[in-house]
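The values are calculated or read from the model by the stated rules, or taken from the named source; none is laboratory data. Small disclaimer: the values here were computed from a predicted structure and weren't measured. With ideal geometry, Cβ positions are generated from the backbone for all residues, glycine too; neighbour counts draw on all protein chains shown.
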Amino acid sequence: MITEHPLLLVLDLTGTFAFALNGALTAVRAANLDIIGVVTLGMITALGGGIVRDIIIDDLPPATFTDWRYLAVAAGGSLLAFLLGRRLERLSVPITVLDAVGLSVFAVTGAGKAVVLGLGPAQAVILGAVTGVGGGTLRDVLTQRIPIVLRSELYAIPALAGATVTVISIRLGVDGVPAAVGAAAVCFLIRMLGVRFDLNAPRPPGEDGDDQVG
Amino acid sequence: MITEHPLLLVLDLTGTFAFALNGALTAVRAANLDIIGVVTLGMITALGGGIVRDIIIDDLPPATFTDWRYLAVAAGGSLLAFLLGRRLERLSVPITVLDAVGLSVFAVTGAGKAVVLGLGPAQAVILGAVTGVGGGTLRDVLTQRIPIVLRSELYAIPALAGATVTVISIRLGVDGVPAAVGAAAVCFLIRMLGVRFDLNAPRPPGEDGDDQVG
Amino acid sequence: MITEHPLLLVLDLTGTFAFALNGALTAVRAANLDIIGVVTLGMITALGGGIVRDIIIDDLPPATFTDWRYLAVAAGGSLLAFLLGRRLERLSVPITVLDAVGLSVFAVTGAGKAVVLGLGPAQAVILGAVTGVGGGTLRDVLTQRIPIVLRSELYAIPALAGATVTVISIRLGVDGVPAAVGAAAVCFLIRMLGVRFDLNAPRPPGEDGDDQVG
């Protein structure tokens, strides 16, 4: 597996940890959730994208579920968020950065895994994005929110970009760790630019007043 | 696969296109969704039912996901809805008709595929209905609405009827394209009658005032 | 399969029936749902946990879906709830007890099945809990509620406890019906104590006023 290289594994686990922190913090903010709810949401955020990907590509039981390191890191990040609770909110900048790391690594390793298992390039790009945004989508559905990927933030586009670079580089025979890190960097930069300048993807035409005209 | 006959393939792709339009339009109405959200919702509406069916019958990766024609038609319908936006709402009648075509074809091909893969008749009927209503259900969950199949419109019953006719005709040895088209026509007619006369399935007893009595 | 013993099968079907009643009643209360919505929600509540478990452990098509007895019991319980409707609410105590039976049996048989299929102990415990709470979670997502397992009631902890006892007893070689019934009893007792004394799992620190201080 592409994540078996130590550097990619470290990045992948970092992403898992960041997603767990992020998901569990969402649960803490949503109040009324007990420790089980907080840890469950954290773990679903961290592991959900990989599980959905593995169901679709038929690599079951899911790798992130059977590998104890992912379970342990996801549970640890969730518990930490539960214990520190609202104090972590001061750390919103580093958490956003870590979350972007997770998005980037998951998009790249997800797309890479899909290519390795023989899926076509469009499918691999979609699955890379699904791996990156799937966990957060499950978290949002369970906490009664429109998933972030459907809403205003520039979230899916960087994941699609990182996955596309991954698929192209594998096609060109430039795989391995440097290509994966480069693809993740593309995703990370776009995501960070989106956060920094509050960029959004285009909206449907005619949303502001066009109705009367058109 | 039963949909490999050109006529059924055309119907199946028509249904995919209709579901994509419909799902993407829902996203446009729900506002606040960008192009990614609109296209994502359209594609999930179009492909979700088949993906859920293929997960349950263990035919992975899902056929509608690996076949580029389905992906292309679903993406095209979603993009069209994004570009035309609210102007498409004037076309609500043809869109409702196309949506009923999708429901009918998906119910029939879903049930047929389940029979071919060896599931029992009750399971095949349920899976046909799941194929027909699954995509719309995912769309509704993601946009924070009670799924249409659970609510007031006569939506699941035509799908169950079309799937039942399919299973019976296969059992009687009357399979092939004419039987499939006939079963789809049964579903389509019931759905259209339901829309035309605003029919609903029965409600639980005692919903209006019975509470004080019973 | 562990549930092939007559006593465990009876318990498993009892749990299925209780979950179907419970899920369908939820739908009746949520109003605006017709017979299809009520029966669909009842069946999803009863069968959903087992289906999610079987997807993750790759035992497809799902056992509870292919076995007609589970389908029949789930459909029967759901129809009964539809017909009796709000009158069943007087029976809330026996329904809560039956629901706890379902939670207990599903947690135990779910964990047992995961061990038999070769998953590690932590994974088996999680899958046992998923089997117990999965159906209710799907029900809550479809009816626009934060899933009960994430909210205040002591619901996941008894399932985790029952699954843990199951995994330990299998490891110690003490499997078979008595061990399974004992593990289910542990889950059942904790759940009933939680209901009786309105116990909740711990909340995140700093939820009441700590914000100003910390």
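Just name the residue that is nearest to B:Val39 (Cα to Cα) out of those in region A:119-152 that are modelled with pLDDT under 90 and more than 9 Å from chain B (Cβ to nearest Cβ).
Per the stated criteria, the residue is A:Ile148.
Determine whether B:Ile157 is within 14 Å of C:Gly37 (Cα to Cα) and modelled with pLDDT under 85.
On the way: within 14 Å of C:Gly37 (Cα to Cα): yes; modelled with pLDDT under 85: no.
So B:Ile157 fails the test.
Output the residues belonging to region B:170-182 that are small (Gly, Ala, Ser) and buried (at least 21 other Cβ atoms within 10 Å of the Cβ).
B:Ala180 - this is the single residue of region B:170-182 that is small (Gly, Ala, Ser) and buried (at least 21 other Cβ atoms within 10 Å of the Cβ).
Residue-by-condition table, conditions (1) buried (at least 20 other Cβ atoms within 10 Å of the Cβ); (2) in contact (Cβ under 8 Å) with a residue 40 or more places away in the chain; (3) on the phi > 0 side of the Ramachandran plot; (4) part of a helix (DSSP H, G or I):
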| position | (1), (2), (3), (4) |
| --- | --- |
| C:Ile51 | yes, yes, no, yes |
| C:Gly85 | yes, yes, yes, yes |
| C:Leu91 | no, no, no, yes |
| C:Thr96 | no, yes, no, yes |
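Does at least one position in region B:154-167 carry a residue that is over 15 Å from the mean Cα position of the chain (by Cα) and of a type in the set (A, V, I, L, M, F, W, C)?
Yes; the residues of region B:154-167 include at least one that is over 15 Å from the mean Cα position of the chain (by Cα) and of a type in the set (A, V, I, L, M, F, W, C).
State all residues of region A:188-214 that are within 14 Å of chain B (Cβ to nearest Cβ) and at pLDDT 90 or above; if no residue qualifies, say none.
A:Ile190, A:Arg191 - these are the residues of region A:188-214 that are within 14 Å of chain B (Cβ to nearest Cβ) and at pLDDT 90 or above.
Can you tell me which residue within region C:1-16, out of those that are surrounded by 22 or more Cβ atoms within 10 Å (Cβ to Cβ) and either among the charged types (D, E, K, R) or modelled with pLDDT of 90 or more (or both), is farthest from C:Ala185 (Cα to Cα)?
C:Thr16
I'm trying to understand the selection: among the residues of region B:59-75, which are within 14 Å of chain C (Cβ to nearest Cβ) and touching a residue at least 24 places away in the same chain (Cβ under 8 Å)?
B:Asp59
Suppose we filter region A:81-111 for residues that are within 14 Å of another protein chain (Cβ to nearest Cβ), over 22 Å from A:Ala180 (Cα atoms) and small (Gly, Ala, Ser); how many remain?
Here the count works out to 2.
Within region B:33-41, can one find any residue that is farther than 26 Å from A:Leu119 by Cβ, in contact (Cβ under 8 Å) with a residue 12 or more places away in the chain and away from chain C (no Cβ under 14 Å)?
No, region B:33-41 has no match at all.
Do the conditions hold for A:Leu103, that is, is it assigned to a loop (DSSP other than H, G, I, E, B) and surrounded by 24 or more Cβ atoms within 10 Å (Cβ to Cβ)?
Judged against the criteria, A:Leu103 is not a match.
Tell me the residue from A:Thr26, A:Thr64 that is within 30 Å of B:Trp68 (Cα to Cα) and in a helix (DSSP H, G or I), please.
A:Thr64
Which residues, counting only those in region C:135-168, are among the hydroxyl-bearing types (Ser, Thr, Tyr) and crowded, with 20+ Cβ neighbours inside 10 Å?
C:Thr137, C:Tyr155, C:Thr164, C:Thr166, listed by residue number.
When you check B:Ser78 against the structure, is it outside any loop (DSSP other than H, G, I, E, B) and within 14 Å of another protein chain (Cβ to nearest Cβ), yes or no?
Spelling it out, B:Ser78 is indeed outside any loop (DSSP other than H, G, I, E, B) and within 14 Å of another protein chain (Cβ to nearest Cβ).
Residues in region C:50-69: is at least one of a type in the set (Val, Ile, Thr), at pLDDT below 85 and in contact with a Phe, Trp or Tyr (Cβ under 6 Å, 6 or more places away or on another chain)?
Within region C:50-69, one or more residues are of a type in the set (Val, Ile, Thr), at pLDDT below 85 and in contact with a Phe, Trp or Tyr (Cβ under 6 Å, 6 or more places away or on another chain).
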